[in-house]
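The values are calculated or read from the model by the stated rules, or taken from the named source; none is laboratory data. Computed from a predicted model, the values in this text were never measured in an experiment. For neighbour counting, all protein chains shown are included, and Cβ atoms are generated from backbone atoms with ideal geometry for every residue, glycine included.
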């Protein structure tokens with residue numbers, strides 16, 4: 001706690017102190033010596049100071065303290081200037097390497113000063129003072145401080161545009177604070193050259209800059225107070241740590257700018273036809289384990305107050321083995337015989353994959369991405385898959401089964417028994433047809449649908465004459481239908497008359513003819529014998545007459561004349577009886593055959 005005491009009372013301070021102590025003692029209080037007021041204080045001549053970089057600035061504090069303490073004259077022996085506090089203790093600037101060789105400080109009488117040479121922008125801050133006296137415990141901290149702003153000349157861009165390969169800019173030389181002194185300005189092409197441009201002495205300037213050129217400004221008379229150079233930017237370059245990039249590799253991209261920038265670097269990414277998007281900032285772009293999803297076009301951008309420049313696009317071409325195979329069938333719905341069918345194999349790969357086709361375990365002689373059936377056939381049905389491969393590996397797709405559907409083929413009909421059916425027996429008709437999907441079967445008799453029969457087999461029990469006829473089998477699926485027919489006949493009279501009966505009649509007729517010939521031979525022999533006896537009674541037995549008699553006898557057997565009616569009456573009756581017997585035998589044979 002500090003007090004300010006009027007100068008006219010200083011000489012009687014001891015007397016005043018004794019009186020105060022006496023009065024307080026009368027009330028029973030004890031007064032400690034440390035309680036006594038002192039004249040401690042300090043005031044800075046300026047609360048803020050603006051200094052140019054490279055110049056020297058002096059901070060001054062007017063301090064106040066008692067002249068004596070217990071009869072001893074008080075003197076200030078040291079001033080401690082600081083800007084930082086550590087563990088509640090001020091940090092002496094003389095111990096800070098940042099200020100090494102650049103400080104001058106002095107405390108003399110009621111004034112403490114601090115001079116800082118070759119000002120830097122890092123010297124900005126609030127400076128405070130603690131002064132130390134020759135009396136034990138005589139340390140006082142000035143509670144207020146002085147704020148130091150350090151400014152450098154900076155080129156401020158009012159307007160900038162690119163005209164062909166040049167940058168045209170309207171500029172101003174700028175400082176962040178205003179030093180007390182009046183300033184003049186100087187424009188320079190090269191900071192190390194002290195000569196100002198003869199045609200640019202004002203605070204504002206207009207210039208044309210080629211890429212890579214720069215300009216600075218300074219406060220005239222202060223060669224160290226020169227602005228950082230402002231460059232007309234050149235396009236940066238992207239450098240990669242790897243030429244061939246494999247999936248899983250680590251990768252670092254560097255944005256190399258040949259001209260300094262004021263706002264650093266940023267990285268942009270573009271995928272496909274999308275717009276550029278900012279993905280990160282900084283001079284480096286790092287991938288710890290690059291993936292196929294990182295395959296894209298990249299660029300880096302540098303920027304300052306005059307504009308920005310973009311690098312040439314850099315493609316991160318990530319190489320990897322095929323993955324995610326997929327086999328697609330077109331059309332996706334049901335495949336019918338004769339359709340065009342296209343198989344397409346796809347896979348994510350870099351470089352692009354080649355393809356090998358398989359049906360079952362057999363390799364197909366095709367290596368393209370597509371495998372096409374112009375007119376697919378049932379024998380093309382089967383399980384297909386493809387293999388995608390490049391120099392980094394291969395992968396196989398899941399199999400796809402192709403099921404070719406087709407109209408039923410011409411049916412085949414089998415009959416049991418296969419020959420004519422006996423009356424009262426059973427017959428089974430079986431129909432079969434190659435079809436996909438499997439065929440349904442329908443039966444017809446004489447083109448009329450057979451009732452209640454839709455299976456592949458038709459059974460007829462107790463076959464009768466009305467079951468004869470032409471039977472049709474129709475094989476159907478939703479693709480179409482085909483018909484076949486079979487003739488079923490009964491084993492009856494009509495069947496005999498056409499086959500077996502004809503054979504019986506032929507056999508019986510043959511037997512009849514043989515019997516007739518035998519009978520005629522016997523009759524001729526008998527008649528010859530009897531004729532010889534009769535002729536012997538009437539005429540001589542000459543050879544000529546005998547021959548004529550035999551002829552007449554034969555003619556008489558075939559067609560008897562009235563001349564011989566009396567002679568052959570008995571014989572004729574006998575012959576007729578024999579003839580009737582032969583005819584009756586032939587009829588009976590025929591009757592038995594007809595059954």
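Confirm whether residue 261 is loosely packed, with under 13 Cβ neighbours inside 10 Å, modelled with pLDDT under 90 and either within 28 Å of residue 213 (Cβ to Cβ) or not assigned by TED's automatic domain parsing to the domain that holds residue 215 (or both). Reasoning before the result, please.
Working: loosely packed, with under 13 Cβ neighbours inside 10 Å: no; modelled with pLDDT under 90: yes; either within 28 Å of residue 213 (Cβ to Cβ) or not assigned by TED's automatic domain parsing to the domain that holds residue 215 (or both): yes.
No.
Of all residues in the range 393-414, those satisfying the criterion of being assigned to a loop (DSSP other than H, G, I, E, B) and either surrounded by 14 or more Cβ atoms within 10 Å (Cβ to Cβ) or out of contact with any strand residue (DSSP E or B) (no Cβ under 8 Å at 6 or more places or on another chain) (or both) are 397, 399, 407, 408, 409, 411.
In the set 221, 212, which member is at pLDDT below 85, under 30 Å from residue 121 (Cα atoms) and surrounded by fewer than 17 Cβ atoms within 10 Å (Cβ to Cβ)? Write out each step before concluding.
On the way: 212 fails: at pLDDT below 85.
Result of the check over 221, 212: 221.
Restricting attention to the range 273-312 and to residues that are assigned to a loop (DSSP other than H, G, I, E, B) and more than 25 Å from the chain's Cα centre (by Cα), the residue that is surrounded by the fewest Cβ atoms within 10 Å (Cβ to Cβ) turns out to be 312. If you go through the range 440-462 and pick out every residue that is closer than 13 Å to residue 475 by Cα and part of a loop (DSSP other than H, G, I, E, B), you end up with 4.
Considering the range 125-142, and only residues there that are touching a residue at least 40 places away in the same chain (Cβ under 8 Å) and outside any strand (DSSP E or B), the residue that is nearest to residue 233 (Cα to Cα) turns out to be 142. Within the range 417-430, is even one residue in a strand (DSSP E or B), exposed (fewer than 15 other Cβ atoms within 10 Å of the Cβ) and free of Cβ contacts under 8 Å to residues at least 24 places away in the same chain? No; the residues of the range 417-430 include none that is in a strand (DSSP E or B), exposed (fewer than 15 other Cβ atoms within 10 Å of the Cβ) and free of Cβ contacts under 8 Å to residues at least 24 places away in the same chain. Within this structure, residue 65 passes the test of being modelled with pLDDT under 85 and in contact with a strand residue (DSSP E or B) (Cβ under 8 Å, 6 or more places away or on another chain).
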